[in-house]
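Have a look at the structure below, then the notes.
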Amino acid sequence: MFTPRKSLTALGIAVIVVTATGPALAAGPLPAVAPRAETVALHDDEAGGDADADDPAIWRNPADPERSLVVATAKQGGLRVYDLDAREVQSIPAPSGPGKDDAPGRFNNVDLVHSARLGDLAVTTDRGNDRLRIYRIGRNRANGPLTDVTNRTAPAVFSTSQDEINEQRTAYGLATWTDPATGRSFALVSQRERTRLAVLELTSRADGSVGYTKVRTLDLPHSFPLPNGTSWSPCGEPGELPQVEGMVVDPANGMLYAGQEDVGIWRLRADLTGTPKLIDTVREYGVPGTYNEATEECDAGADPGFGGTKLTSDVEGLTLVKEEDGDGLLLASSQGDNTFAAYDREISDANEYEGGFRITAATATLDGSEECDGAAALNEPLGRRYPNGLLVVQDGHDVPGDGDRPSTNFKFVDLGEVVDAIDD
């Protein structure tokens, strides 16, 4: 069970920090699961088109699950679309900035919309231009399954001028949600280097495009009172606040799970009302740090022992393993130690920690996942390759790689093997 650790108020938001205290789980190495396939490596250099794998989403083709797709961001390299053999079937470049000296497009996170009103859409945050980009999914289109339907008048999400956009405190993390009661679809968007979240309603326009309107925003805390009477803020570059990136919404209850990278996992209503709660914190929670200008890193002080035991910062790649009875799992990438943590999806069970796992090498040429940024799970049959569902994770350090070039890609993992490893 989970037990409250401390009530606190920060930035005008009443929150309750909770942490996993039982039942006790046996200590020891986490189980390992190997991927079945991987995408071709992307290279974040000029020769590679400044492409850097980040975040995936899985689209199931209901008419032919064998022809389902994985849509994934490549930052300045735009979007990539893969089949279930991890072969690229489409590449979409990120748009340029409005002027030659302006920040170029940079696709950070992606999620999908399945809506009777809007159809099947892939939505991505364009961090470079501070906008959402929206693509309609159609598996049999001649020029590729994704077609850009972004409304041309789509506004910046957080910025009020191009100068602000160029500072790059822009649209970053993303989760989508369709309200089953109203059929309205929304995007939850986080702001880079800030704690702000925004909820945007996605709307169809008369010309067939899709736009969005901001509904409200909410600022999560950036400073936290500790049990010893002091307050703590995660260390970062001057002026930088602890941002959120990994997010997912549980459609069964409209709850948003948001990973504040250096803090932990929040649970809050997807309409950004009510009281946010921290369901777990990173090991580094409460550890003082001083930014070192010479190394451009934070020098950590003594650990006061207030942090969690399951996550090592950054918290990334939140995704849900959904089951029809409402049970299931919330998975989170523990980027700092190359593991994944699994929590009970049900709020009635207080999102209790269920176990963890690693994704390790299958062969000398098919490695595991390290420094994972993004993850997506789909607990539905996907034909002969993945009859038990699919987990796709980003690998931040693909090996054997290509010399000294930065190499990233996506690993495809049998979801049934992941669930079995957690259950064991």
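Applying a threshold of 6 Å to beta carbon distances and a minimum spacing of six or more residues, or different chains, the list of pairs starting in region 70-88 at a residue that is under 14 Å from R60 (Cα atoms) and open to solvent by 10 Å² or more (accessible area, probe 1.4 Å) and ending at one that is assigned to a strand (DSSP E or B) and at pLDDT 95 or above reads D83/V89.
Annotation: T273 fulfils all but one of (1) buried (at least 20 other Cβ atoms within 10 Å of the Cβ); (2) outside any strand (DSSP E or B); (3) among the β-branched types (V, I, T); the unmet one is (1). Scanning region 381-424 for residues that are on the phi < 0 side of the Ramachandran plot and among the small types (G, A, S) gives G396, S407, G416, A421.
Being within 26 Å of D327 (Cα to Cα), at pLDDT 95 or above and among the polar types (S, T, N, Q) is the requirement here; does T273 meet it? I'd like the intermediate steps shown before the answer.
Values: within 26 Å of D327 (Cα to Cα): yes; at pLDDT 95 or above: yes; among the polar types (S, T, N, Q): yes.
It is true that T273 is within 26 Å of D327 (Cα to Cα), at pLDDT 95 or above and among the polar types (S, T, N, Q).
Determine, yes or no, whether P227 is open to solvent by 40 Å² or more (accessible area, probe 1.4 Å), at negative phi and part of a loop (DSSP other than H, G, I, E, B). So P227 passes the test. Taking the numbered list (1) within 25 Å of F107 (Cβ to Cβ); (2) part of a helix (DSSP H, G or I); (3) not β-branched (V, I, T) in turn, S348 passes all entries but (1).
Screening S333, S313 for residues that are surrounded by 15 or more Cβ atoms within 10 Å (Cβ to Cβ) and part of a loop (DSSP other than H, G, I, E, B) leaves exactly one candidate, S313. Residues in region 195-243 that are within 18 Å of D130 (Cα to Cα) and among the aromatic types (F, W, Y): Y212 only.
Does region 231-252 contain any residue that is farther than 30 Å from A342 by Cβ, part of a strand (DSSP E or B) and modelled with pLDDT of 95 or more? Among the residues of region 231-252, at least one is farther than 30 Å from A342 by Cβ, part of a strand (DSSP E or B) and modelled with pLDDT of 95 or more, which makes the answer yes. Just one of the listed residues (T178, T150, T125, T182) is among the hydroxyl-bearing types (S, T, Y) and within 20 Å of D102 (Cα to Cα), namely T125.
Only residues that are small (G, A, S) and in contact (Cβ under 8 Å) with a residue 60 or more places away in the chain: list them for region 317-367, please. Passing the criteria: G317, G326, A332, S333, A341, A342, A350, G355, G356, A361, A362.
Pick from V123, V149, V81: which is more than 15 Å from T203 (Cα to Cα) and in contact with a Ser or Thr (Cβ under 9 Å, 6 or more places away or on another chain)? First the steps, then the outcome.
Details: V123 fails: more than 15 Å from T203 (Cα to Cα); V149 fails: more than 15 Å from T203 (Cα to Cα).
Going through V123, V149, V81 in turn, the sole match is V81.
All of E297, E245, E323 fail the test of being farther than 23 Å from E370 by Cα and not basic (K, R), apart from E323.
Yes or no: A342 out of contact with any Pro (no Cβ under 9 Å at 6 or more places or on another chain), open to solvent by 20 Å² or more (accessible area, probe 1.4 Å) and within 29 Å of L241 (Cα to Cα)?
Values: out of contact with any Pro (no Cβ under 9 Å at 6 or more places or on another chain): yes; open to solvent by 20 Å² or more (accessible area, probe 1.4 Å): no; within 29 Å of L241 (Cα to Cα): yes.
No: the conditions fail for A342.
When you go through (1) closer than 16 Å to D250 by Cα; (2) of a type outside the set (A, V, I, L, M, F, W, C); (3) open to solvent by less than 20 Å² (accessible area, probe 1.4 Å) one by one for D179, which number turns out not to apply? It is condition (3) that D179 fails. Could you grab me the full set of residues in region 276-310 that are open to solvent by 20 Å² or more (accessible area, probe 1.4 Å), assigned to a strand (DSSP E or B) and among the acidic types (D, E)? Across region 276-310, the qualifying residues are E297, D299.
Contact map, region 209-220: first residue free of Cβ contacts under 8 Å to residues at least 24 places away in the same chain, second residue in a strand (DSSP E or B), Cβ cut-off under 6 Å, separation 6 or more or different chains; pairs are T213/E201.
Within region 389-404, being open to solvent by 10 Å² or more (accessible area, probe 1.4 Å) and touching an Asp or Glu at 6+ places or on another chain (Cβ under 6 Å) holds for G396, H397, V399.
Which residues, taken from region 321-330, are open to solvent by 10 Å² or more (accessible area, probe 1.4 Å), farther than 21 Å from P29 by Cβ and part of a strand (DSSP E or B)?
Pass one, region 321-330, residues open to solvent by 10 Å² or more (accessible area, probe 1.4 Å): 322-327, 329.
Narrowing further to those that are farther than 21 Å from P29 by Cβ: 322-327.
The answer is K322, and nothing else.
If we scan region 256-268, do we find a residue that is part of a loop (DSSP other than H, G, I, E, B) and over 21 Å from G336 (Cα atoms)?
Within region 256-268 (the criterion being part of a loop (DSSP other than H, G, I, E, B) and over 21 Å from G336 (Cα atoms)), the answer is no, since none of the residues qualifies.
The values are calculated or read from the model by the stated rules, or taken from the named source; none is laboratory data. Bear in mind the structure is a predicted one, so any value in this text is a computation, not a measurement. A quick note on method: Cβ atoms are made from the backbone with ideal geometry, for glycine too, and the neighbour counts reach across all protein chains shown. The accessibility values were calculated without ligands, DNA or RNA, using every heavy atom of the protein model including side chains. Shrake-Rupley method; radii C 1.70, N 1.55, O 1.52, S 1.80 Å.
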